[in-house]
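Below: the structure, in structure tokens.
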Protein chains: 4
Amino acid sequence: MVIQLKQDITEPQRAAISQELERAGYSFREVITSIACYWVAIGNNDMDIRSIGNLPGITDIHRVTDSYKLVSGMWKLTPSSIPLGNGISIGGGNFTIMAGPCSIENDAQVSEVAGFLKSNGVFVMRGGVFKPRSSPYSFRGVGIEGLRYFHSICKLNGVLVVSEVMEPDQIEAMYPYIDIFQVGTRNAQNFSLLDALGRVDKPVMIKRGFSGTIEELLYSAEYVFSGGNEKIILCERGIRTFEKAYRNTLDLNAVPILKQKSHLPVVVDPSHGTGIRNLVEPMSLAAVMAGADGVIVEIHREPEKAYSDGIQSLCYSEAEQLFDRLRQTVSLKSTFGLS
Amino acid sequence: MVIQLKQDITEPQRAAISQELERAGYSFREVITSIACYWVAIGNNDMDIRSIGNLPGITDIHRVTDSYKLVSGMWKLTPSSIPLGNGISIGGGNFTIMAGPCSIENDAQVSEVAGFLKSNGVFVMRGGVFKPRSSPYSFRGVGIEGLRYFHSICKLNGVLVVSEVMEPDQIEAMYPYIDIFQVGTRNAQNFSLLDALGRVDKPVMIKRGFSGTIEELLYSAEYVFSGGNEKIILCERGIRTFEKAYRNTLDLNAVPILKQKSHLPVVVDPSHGTGIRNLVEPMSLAAVMAGADGVIVEIHREPEKAYSDGIQSLCYSEAEQLFDRLRQTVSLKSTFGLS
Amino acid sequence: MVIQLKQDITEPQRAAISQELERAGYSFREVITSIACYWVAIGNNDMDIRSIGNLPGITDIHRVTDSYKLVSGMWKLTPSSIPLGNGISIGGGNFTIMAGPCSIENDAQVSEVAGFLKSNGVFVMRGGVFKPRSSPYSFRGVGIEGLRYFHSICKLNGVLVVSEVMEPDQIEAMYPYIDIFQVGTRNAQNFSLLDALGRVDKPVMIKRGFSGTIEELLYSAEYVFSGGNEKIILCERGIRTFEKAYRNTLDLNAVPILKQKSHLPVVVDPSHGTGIRNLVEPMSLAAVMAGADGVIVEIHREPEKAYSDGIQSLCYSEAEQLFDRLRQTVSLKSTFGLS
Amino acid sequence: MVIQLKQDITEPQRAAISQELERAGYSFREVITSIACYWVAIGNNDMDIRSIGNLPGITDIHRVTDSYKLVSGMWKLTPSSIPLGNGISIGGGNFTIMAGPCSIENDAQVSEVAGFLKSNGVFVMRGGVFKPRSSPYSFRGVGIEGLRYFHSICKLNGVLVVSEVMEPDQIEAMYPYIDIFQVGTRNAQNFSLLDALGRVDKPVMIKRGFSGTIEELLYSAEYVFSGGNEKIILCERGIRTFEKAYRNTLDLNAVPILKQKSHLPVVVDPSHGTGIRNLVEPMSLAAVMAGADGVIVEIHREPEKAYSDGIQSLCYSEAEQLFDRLRQTVSLKSTFGLS
């Protein structure tokens, strides 16, 4: 059961609700976000929620039989819209394009890409500064220094920054220079990191583990929400299967199922999700029809010269065509309503 | 290397080509279909194909480095259009909707569904008469008797029949009553069956094995083509992964990759591919954007009463909405050209 | 529920049992094998099986809640021992080694291998004569002619023959020359073939589909048993996973779980199961400890010259070491009893 | 290429080697562990390593074409033996049993289990104090306070402690109370954590990611080694597949392949690896024959009352039988030599 308390709830009112929960054999955990105060109540007994729902001090109450609670669609029936800053929101009917290189390389590159995005009406730039690499001998990113110029150049262009955070210790240093914290696929169940991001008031985009189930992704989101941060974006980025024709198997089924099970927005990463440049456009357009709230796409001026993942990056002209077709597809999809 | 011979090639011309291939250390296999005569030549040596290509009697010749040959996009650069009968074709720019129940139950059901399809402008009806069932104690289908009324009722409505064939011995009996032979996922590598279907002059729709790779699906198609039948349709129907939220993981990545590797049309089965009714519409629309040439969808007047697979069937009103949205999406997609 | 009838049951006794089942709302299917007559009764009602069990004419009766019935360990608590012919049995405490080349190549090869096996106390030889090959252009085997000399040479050496059957039509022609019919991984759910093998009185070894679940393998065995043939051997041969370091992932967990769920013997194929020569010995020995009733191993005088699968074949000296270590391991394992 | 420097190498000798590497177009990274000083040199050019190998100051030099270097079997041909403390080593011919509950619950439990282990000749106890749980609402462990009594009670019994570390920040606090740091499957690619453990001088046991490849596990080990810690143990603990009969699919193929590719010891966790109590013994014994250097097994006095994972824990009498059979199997296996 999830209970949202009124802002002006009094102490005696809180005590009354607490007593009623206790009487029914329920324990609860208080979750305070920048938006509201929730009680997540867990118990095995069947109870009539009206006995609590009618008490003063409560904005809303719902029985949530899912084992994840705050992120469940059973708690919140309408899709959430997450403000990213700069007047841009994701979810709730908006479709958001995020694009940029796999790795930030230098300030000239950032200037160029940010300018390209701005002139194409794209207002979120992706780019890794700490790169999780399987091998310790691979390029590991430009680091916090790179994030600084990445952010300042983007800000000049009115473009927001999304970049991966790899450990709790990096949060504080990255905080001033980032608009959306990205949790990478290898950290999708790094519970220490998720806990720490629950204490931050900036949006968090959680990538599905490459062998993570839908349920595990929702649990990871629940970690962040129950830690106090409800600005969460889910991201499908491809899973591991037996198929060798693509680097990952982008699982678009995840989009409609997540939209049905949760109120959180869902974006798709077709670049990592397939690992093949000429699958990016068809799978991006397909993602729109599957119900995605956005895509995050790798682009590079000269893909074959990228520090990492060039093989899956679009060049600028391909990106422009994609942006245009995405918008036409979104426009048609919006006439269908929610599927 | 694939060589297409001229219809009016002379014996001396054939002998000259054969000699040249032998000289180059190539062996070849002659494949005669209802459309043309091909020589599939295999050898390890590097040779200048012009030495053969300039010989008289040859319509076309291409080096094909893929290990599948006749189905490869390296042999035939333009997408194939497969005539289904009744003036309908699949592939080559057309989008084909096929729909119907999982299992044929009785003639009243067939009449009703066929009428519904006709009135909605859908001209291919699916329906199993031999059902491959994991358990020997499950309903195994109405059999050849059922196929007879299935076909005759459809014919009255101008609707074509697609149904699964499970063994070579069934082909002859089914032949008069079927328009498209379907090879099920469990038989995707039943090479005896594929061989036998190569000797038939009706279209064959091959479903991808639920753990079959893209390459294996193309090899299975090569069995049919090299057996003499080039009317082949590929079908993505979901693969097995670790995910338990859906019955299968519909792999839409297969669509653009198959379209790039082969000239054959590709259809998608979102019903078996997901096993969840309310995923069928979003994944069908996504399939269009991924580049599919058609969909094959399960519908039932009262899904909850179906003999099999009701949980993934659409009711009529859902189907009508789907058909309408599919057509709008196809219409937009057609303005994008091939991706 | 499974009921085994007495050999000398009378018609009135049969009628009484049938009536009692009908009264309880159960339907049943009679299964007659070379060993006994069974009634497999299926119904949804809870009933006291003693009301039937006490009727005359019944040898044994058990409630079987598994959805597979005759192959279930709930029906038969003691492990089955399958006579292979020649005084050799598999299961029931025996450990059986089967070995031979992937493909039969010629009679000289058969003579040599059969002699090698005999001199090493191995009395079952494997060898494909019909090869299921992904590509239609690969070597497809020496065919029925090869099977004839394969069998006659083996017979001279007192060695039994196990070989793959690919379609119902081959059964009759193969019958005189084969001791164990093998159903390959690609045909693990070819229900027409399984049905047909239910009507044969020779042992059938069913390989698990490379993405087949444990339950599906048991269902496939149920097809053969319920068709009338209870001489069934199950075979684990590797599944498909994301791992690329081996061709397949041999799943030894299947051994103890199958032994717990079923009374049928279970053998392991470490050659196809791993696809890597130097994994064959450790995984074979591991299979013994996991509880396997036998192994089926590829050997070749000169693995690098084999027509197929040389990379996973053992040479003779490796095979001799394996046989010796297998026997020592079996000897230790037998002191542990069933785990 | 990996170069091990002599302990008493002089500065001019270092300079000479460095110059020669530079001349050949190689860059290198110096790795200093508690045992030796290594240079890991990476370059694309073919070079005759004797031009460097003959220089003074070098103990050993090997070309390593694997992309992991220090953990590769190409660098060190003989299996490594890792001292755990207390006179116990793992690898290099020893077989090590580790056992204990999934979660540490209280000091009475620790006393009892430690006593049980000691009396059975088992000298490493497992037990989680920080539990990575999919849901934020599950029990998360007794924490650092619990680790303190866990360690002090074990020390009294002469038993070593292995427990999971979840983030770099925990290392310092855990350090005095732990003998082996365990990296859990969800952190197998938490590169920040692996980096930090490279700076510690205690053994690290890295569990394979539940969808991690063999290569990725070796890369993760390379992170720790190249960070300065060569006391590394690899652990196979089950992967995710389509199979639903067990919680995970324990992949014993990983054992011989890791032993062939690396010099590091490999242990197996059959408890998490299968998730089923009565699969633990057969798979443990199988692990020995596959070549494992140890097992890590869950035990509990009353499995059905465990705080977590009771369903896969052995009770004491089952554990005693397992220990006994493991020792007999190890004894037989040791006569076979390395396979």
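The values are calculated or read from the model by the stated rules, or taken from the named source; none is laboratory data. Computed from a prediction, not measured in an experiment: that's the story for all the values here. Neighbour counts run over all protein chains shown; Cβ positions are idealised from the backbone, glycine included. Surface accessibility is based on the protein's heavy atoms, side chains included, excluding ligands, DNA and RNA. Shrake-Rupley method; radii C 1.70, N 1.55, O 1.52, S 1.80 Å.
Quick grid of which residues meet (1) touching a residue at least 24 places away in the same chain (Cβ under 8 Å); (2) out of contact with any helix residue (DSSP H, G or I) (no Cβ under 7 Å at 6 or more places or on another chain):
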residue: D:216; (1), (2): yes, yes
residue: D:232; (1), (2): yes, no
residue: D:238; (1), (2): yes, no
residue: D:245; (1), (2): no, no
residue: D:254; (1), (2): yes, no
residue: D:265; (1), (2): yes, yes
residue: D:274; (1), (2): yes, no
Give B:60, B:46, B:66 a once-over and let me know the one that is within 14 Å of chain C (Cβ to nearest Cβ) and either open to solvent by 50 Å² or more (accessible area, probe 1.4 Å) or not hydrophobic (A, V, I, L, M, F, W, C) (or both). B:66
Residue check for residue C:230: among the charged types (D, E, K, R), open to solvent by 10 Å² or more (accessible area, probe 1.4 Å) and in contact with a strand residue (DSSP E or B) (Cβ under 9 Å, 6 or more places away or on another chain): yes
Of (1) open to solvent by 20 Å² or more (accessible area, probe 1.4 Å); (2) part of a helix (DSSP H, G or I); (3) closer than 21 Å to residue B:299 by Cα, residue B:169 satisfies every one except (3)
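Each row is one residue, and each column tells you yes or no for (1) farther than 20 Å from residue D:184 by Cα; (2) out of contact with any His (no Cβ under 9 Å at 6 or more places or on another chain); (3) assigned by TED's automatic domain parsing to the domain that holds residue D:306.
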| position | (1), (2), (3) |
| --- | --- |
| D:46 | yes, yes, no |
| D:57 | yes, yes, no |
| D:68 | yes, yes, no |
| D:94 | yes, yes, yes |
| D:111 | yes, yes, yes |
| D:119 | yes, yes, yes |
| D:127 | no, yes, yes |
| D:130 | no, yes, yes |
Conditions (1) more than 16 Å from residue D:102 (Cβ to Cβ); (2) modelled with pLDDT of 95 or more; (3) out of contact with any helix residue (DSSP H, G or I) (no Cβ under 6 Å at 6 or more places or on another chain): number failed by residue D:337: (2)
Looking at the range B:252-263 only, could you name the residues that are buried (at least 23 other Cβ atoms within 10 Å of the Cβ) and in contact with a Gly (Cβ under 7 Å, 6 or more places away or on another chain)? B:255, B:256, B:259, B:262
Please go through the range A:311-339 and pick out each residue that is closer than 30 Å to residue A:140 by Cβ and touching a residue at least 60 places away in the same chain (Cβ under 8 Å). A:312, A:313, A:316, A:319
Filter the range C:172-187 for residues that are in a helix (DSSP H, G or I) and more than 23 Å from residue C:213 (Cα to Cα); the one that is farthest from the other protein chains (Cβ to nearest Cβ) is C:176
When you check residue B:204 against the structure, is it open to solvent by less than 40 Å² (accessible area, probe 1.4 Å) and under 14 Å from the mean Cα position of the chain (by Cα), yes or no? yes
Considering the range B:197-223 alone, what residues qualify as being more than 9 Å from every other protein chain (Cβ to nearest Cβ) and either farther than 19 Å from residue B:261 by Cβ or in a helix (DSSP H, G or I) (or both)? B:197, B:199, B:200, B:201, B:202, B:203, B:217, B:218, B:221
Mind listing whichever residues of the range D:80-100 are surrounded by 18 or more Cβ atoms within 10 Å (Cβ to Cβ), under 19 Å from residue D:228 (Cα atoms) and of a type outside the set (A, V, I, L, M)? D:80
Among (1) crowded, with 24+ Cβ neighbours inside 10 Å; (2) facing another protein chain (nearest Cβ under 10 Å), the one test that residue C:299 misses: (2)
Across the range A:302-333, which residue is nearest to the chain's Cα centre (by Cα) among those that are at pLDDT below 95 and open to solvent by 30 Å² or more (accessible area, probe 1.4 Å)? A:309
Residue count for the range C:101-143, restricted to those that are assigned to a helix (DSSP H, G or I), within 14 Å of chain B (Cβ to nearest Cβ) and open to solvent by 30 Å² or more (accessible area, probe 1.4 Å): 0
